[in-house]
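Written below as structure tokens is the structure these notes are about.
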Amino acid sequence: MKINPLIKFFGLAALAVASIASQAQRRSQPEPAWAHAAWMNQSLSPDERADLVLKQLTLDEKIDLIHGEGMAGWGKPKPNAYLGNGGAGFTLGVDRLGIPIIQMSDAAYGVRSSAMNGRYSTALPSNLGAAASWDTDSACQYGALIGRELRAQGYNMTLGGGVNLTREPRNGRTFEYQGEDPILAGTLVGNRIRCEQAQHVIGDIKHYAVNDQESGRNEVNAIISKRALQETDLLAFHIGIQIGNPQAVMCSYNAINGDFACENKYTLTDVLRNQWGFQGFVVSDWGGTHSTEKASAAGLDNEEPGEVFYGDAYKQAVQDGKIPMSELDLHVHRILRAEFAAGLVDHPVHKSVVDVFGDLAIARHIEEQSIVLLRNQNHQLPLSAASLHTIAVIGEHADSGMLSGGGSAQVDPPGQHSPHWGQHVWFPTSPLQSIQAMAPKAKVSFASGSDSAAAATLAAQSDVAIVFVNQWSSEGMDLPDLTLPNHQDDMVAAVAKANPHTIVVLENATAVTMPWVKQVSGIVVAWFPGSDGAPAVANVLFGQVNPSAKLPITFPLSVADLPHPKLIMPPPHSEGAAPVQRHVLTSPTFSVNYDEGVKIGYKWYDAEDKPVLFPFGFGLSYTTYNYSGLTVTPGAKPTVTFTVKNTGSRVGVEIAQLYAALPASAQEPPKRLVGWSRVALNPGESKQVTLTIDPMYLSIFDEASNSFRLVPGSYTFMAGGSSQSLPLHRSVTLQ
């Protein structure tokens, strides 16, 4: 979209005038009493500043800092509800000392509930979609955009940052996470948080941990060995925390080996604090607190969204000597420290106007880097506008919009009211119009696909048929299987039979089974593509953008191939997949035994020798690549070098992947991802790739020593374009 330069100029001028007026107004206000207090000295460390504030607090002020003040629709309104910003919740500050309110917003792929405030939010591609870029720079752009839009709307804490691994692809929140590999997921979420928090908002990483299904999420007990836990879910969190330095960790609803995550001493204290040195605060998932004394001792710092356990009950426990004052002070210190470390005190939020067009451009760019080309028979793609006379665009809402994911991640579409829970929301980004813009001389016709026969008739009359199919999911539910709903598979088969030049575009939450896979000529994965997804998809279809993304999850042949083919459901009397916990449990009601251990995703299919539909790390391009010259230099941090060459005729970016097979005595799956590089190459160009491997990525967790260790022996390094296309191998001995 081109913007009239005059409109842009006067718009920017108006913003500048408003900003100057706002600054003048702030300067005219009297200086607060705390302006020159000792804790306002920015040369002091966050810990020193937090300790200085802590000494000034009354008991009631301390209690106010460790719980929320409610949220709309969750119980009776609290007396302080008027201080909220319309988000998921807030925690009071200490106005007399210059400590601001922590205003929290769900912001998985954009700021939620903006319509309630009469505001606008940009929807980015889903987190899983963005993970397909394998791009740390895109992850940074993603986080920075959300951080800016949070502040513009008056928030200073995000509740995004999901990194739960795709252990169960039917999980309704898979689209909020970063895929199935801990190194890929942790690296990407860490870079998102790093750049999000640079905007002076508190960054969050969640749901800690093993929150791998939504069915019965409030009451399920995840049974998993310490080794498996450390090498999978916890490794992703550890990497994310190392890179992003988030000031908040959100503990999950489920129990882990018998103890609920928000009162689990092993995960909250033994691992998070003592092993990893985390210095921020732990916030409960909404309604995920189950106790006062146990949760406090285990390491929970802040209860949300209200004060069932951390309000009057906590104060009474302190006064009765059941909780020492030092323990309360530790929780308060962590919260204050986070406010100083993230810049909330030194950079107060002032509502402003979002850069709508700039942020749309960022969302579109990230989507272009995230679209995965899975099939391209006979070089059907990219389409040539000059050679097409008739194009059929088929699919639900393909004339007007593209799908987004639901639940607390849901972003409000522009100009619409906030959707109700469970509503399917389509952003007004039209595939039909974007395709027509790419092929202005062609006749572009539309069919909804609800009538398979009518869709097939239109396809038969067209040079090419582009079929948009969808798979919606949301927090609070799990998918029954991985098939497309509403008979879309039958519709695709009918269209493909009528026209062999059929291209399928997936708007999907997670992996999808494809009984028609060999009947169509092209398959493009667009995920939930965000506010400006349609132009991004059209750019890829017509070759304005060369696809480079790779799958961050495995697409299995069927659910029968999953580690747990039958989803384990809660008992009949339970709340099932209720999004809100309506009563307090003292113990979980059912269990899921993750006896597959470390075998998540591609590691499971490798170890069990199961064929897949499309493997982890797979993605096609409009050019081709060749790998050569793998060398390995052993050492404390081994380095691996190889060469990638663009052997095609188009500029492209190859995601070159490096895997390692550990010694047999390690008793690990056949291989694990240990590194990758995005390599931009002109036609005929070669580049050397050098990757330095973190020794932890080559290690196993030893339960006896409670630490990661390298198993001495022969390690085989493998490089290539996907987890199942690794032409280069080199074995070395590591000690």
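The values are calculated or read from the model by the stated rules, or taken from the named source; none is laboratory data. No experiment lies behind these values; they were computed from the predicted model shown. Please note: Cβ atoms are built from the backbone with ideal geometry, for glycine as well, and neighbour counts cover all protein chains shown.
When you look at T91, is it closer than 28 Å to A50 by Cβ and in contact (Cβ under 8 Å) with a residue 60 or more places away in the chain, yes or no?
yes
For every residue, the table says whether it meets (1) outside the structural domain of A509 (by TED's automatic domain parsing); (2) closer than 30 Å to F427 by Cβ; (3) modelled with pLDDT of 95 or more; (4) surrounded by 22 or more Cβ atoms within 10 Å (Cβ to Cβ).
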{"residue": "R26", "(1), (2), (3), (4)": "yes, no, no, no"}
{"residue": "S43", "(1), (2), (3), (4)": "yes, no, yes, no"}
{"residue": "E48", "(1), (2), (3), (4)": "yes, no, yes, no"}
{"residue": "K55", "(1), (2), (3), (4)": "yes, no, yes, no"}
{"residue": "I66", "(1), (2), (3), (4)": "yes, no, yes, yes"}
{"residue": "I99", "(1), (2), (3), (4)": "yes, no, yes, yes"}
{"residue": "T122", "(1), (2), (3), (4)": "yes, yes, yes, yes"}
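Restricted to the range 687-723, and to residues that are among the hydroxyl-bearing types (S, T, Y) and assigned to a strand (DSSP E or B), which residue is nearest to the chain's Cα centre (by Cα)? Don't jump to the end; show me each part of the working.
Looking only at the range 687-723, we keep the residues that are among the hydroxyl-bearing types (S, T, Y), and these are 690, 692, 697, 699, 705, 707, 714-716, 722-723.
Next cut, assigned to a strand (DSSP E or B) only: 690, 692, 707, 714-716, 722.
Values: T690: 28, T692: 26, S707: 28, S714: 35, Y715: 32, T716: 31, S722: 22 Å.
It comes out as S722.
If you scan the range 495-510, which residues turn out to be surrounded by 22 or more Cβ atoms within 10 Å (Cβ to Cβ) and in a helix (DSSP H, G or I)?
Those that are surrounded by 22 or more Cβ atoms within 10 Å (Cβ to Cβ) and in a helix (DSSP H, G or I): V495, A496.
Restricting the search to the range 426-478, which residues are touching a residue at least 60 places away in the same chain (Cβ under 8 Å) and of a type in the set (F, W, Y)?
F427, F468, W472, listed by residue number.
Does at least one position in the range 653-672 carry a residue that is in contact (Cβ under 8 Å) with a residue 60 or more places away in the chain, within 11 Å of T623 (Cβ to Cβ) and either of a type in the set (S, T, Y) or assigned to a strand (DSSP E or B) (or both)?
As a first pass, look at the range 653-672 and keep what is in contact (Cβ under 8 Å) with a residue 60 or more places away in the chain: 653-659, 668-672.
Now drop any that are not within 11 Å of T623 (Cβ to Cβ), which leaves 653-654.
Those still in the list that are either of a type in the set (S, T, Y) or assigned to a strand (DSSP E or B) (or both) too: 653-654.
Yes, the conditions are met somewhere in the range 653-672.
Could you go through the range 592-602 and let me know if any residue there is touching a Lys or Arg at 6+ places or on another chain (Cβ under 8 Å), of a type in the set (K, R) and over 18 Å from V732 (Cβ atoms).
For the range 592-602, residues touching a Lys or Arg at 6+ places or on another chain (Cβ under 8 Å), of a type in the set (K, R) and over 18 Å from V732 (Cβ atoms): absent.
Here are some conditions: (1) touching a Leu at 6+ places or on another chain (Cβ under 6 Å); (2) of a type outside the set (G, A, S); (3) in a helix (DSSP H, G or I). M104 meets all but one. Which one does it not meet?
So M104 meets the others, but not (3).
Name every residue in the range 379-403 that is in contact with a strand residue (DSSP E or B) (Cβ under 7 Å, 6 or more places away or on another chain) and at positive phi, in order of residue number.
Those that are in contact with a strand residue (DSSP E or B) (Cβ under 7 Å, 6 or more places away or on another chain) and at positive phi: G395, H397.
Looking at the range 353-408 only, could you name the residues that are closer than 21 Å to G162 by Cα and either outside any helix (DSSP H, G or I) or not assigned by TED's automatic domain parsing to the domain that holds P552 (or both)?
Listed by number, the residues that qualify are I371, L403, S404, G405, G406.
Would you please list the contacts, defined by Cβ atoms under 6 Å and residues six or more apart or on different chains, that run from a residue in the range 349-360 that is closer than 28 Å to G93 by Cβ to a residue that is of a type in the set (D, E, K, R)?
These pairs meet every condition: V349/R151; V354/E149.
Please find, within the range 434-490, the residue that is surrounded by the most Cβ atoms within 10 Å (Cβ to Cβ) out of those that are aromatic (F, W, Y) and part of a strand (DSSP E or B). Can you show your working first?
To start, the set of residues in the range 434-490 that are aromatic (F, W, Y) comprises 446, 468, 472.
Remaining after also requiring part of a strand (DSSP E or B): 446, 468.
Numbers: F446: 19, F468: 26.
Only one residue tops the list, namely F468.
May I ask you to verify whether N191 is assigned to a helix (DSSP H, G or I), in contact with a Ser or Thr (Cβ under 6 Å, 6 or more places away or on another chain) and not aromatic (F, W, Y)?
yes
Each row is one residue, and each column tells you yes or no for (1) assigned by TED's automatic domain parsing to the domain that holds Q688; (2) surrounded by fewer than 18 Cβ atoms within 10 Å (Cβ to Cβ); (3) farther than 29 Å from A209 by Cβ.
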position	(1), (2), (3)
L551	no, no, no
H573	no, yes, no
E596	no, no, no
Y602	no, no, no
A607	no, yes, no
V612	no, no, no
T633	yes, yes, yes
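Pairs under 9 Å by beta carbon, first residue touching a residue at least 12 places away in the same chain (Cβ under 8 Å) in the range 44-59, partner of a type outside the set (A, V, I, L, M) and exposed (fewer than 14 other Cβ atoms within 10 Å of the Cβ), six or more apart or different chains?
R49/N41; R49/Q42; L52/N41; Q56/R96; L59/Q319
Taking interchain pairs and intrachain pairs at least six residues apart, which have beta carbon atoms under 7 angstrom, with the first residue in the range 60-80 and part of a loop (DSSP other than H, G, I, E, B) and the second surrounded by fewer than 18 Cβ atoms within 10 Å (Cβ to Cβ) and among the polar types (S, T, N, Q)?
Once the first residue is part of a loop (DSSP other than H, G, I, E, B) and sits in the range 60-80, its partners that are surrounded by fewer than 18 Cβ atoms within 10 Å (Cβ to Cβ) and among the polar types (S, T, N, Q) give E69/N80.
Here are the criteria: (1) in contact (Cβ under 8 Å) with a residue 40 or more places away in the chain; (2) surrounded by fewer than 24 Cβ atoms within 10 Å (Cβ to Cβ). Tell me which single one S133 does not satisfy.
Looking at each condition in turn, S133 falls short on (2).
For the range 228-240, check the following and say yes or no: at least one residue is in contact with a Cys (Cβ under 8 Å, 6 or more places away or on another chain) and of a type in the set (S, T, N, Q).
The answer is no, given that none of the residues of the range 228-240 is in contact with a Cys (Cβ under 8 Å, 6 or more places away or on another chain) and of a type in the set (S, T, N, Q).
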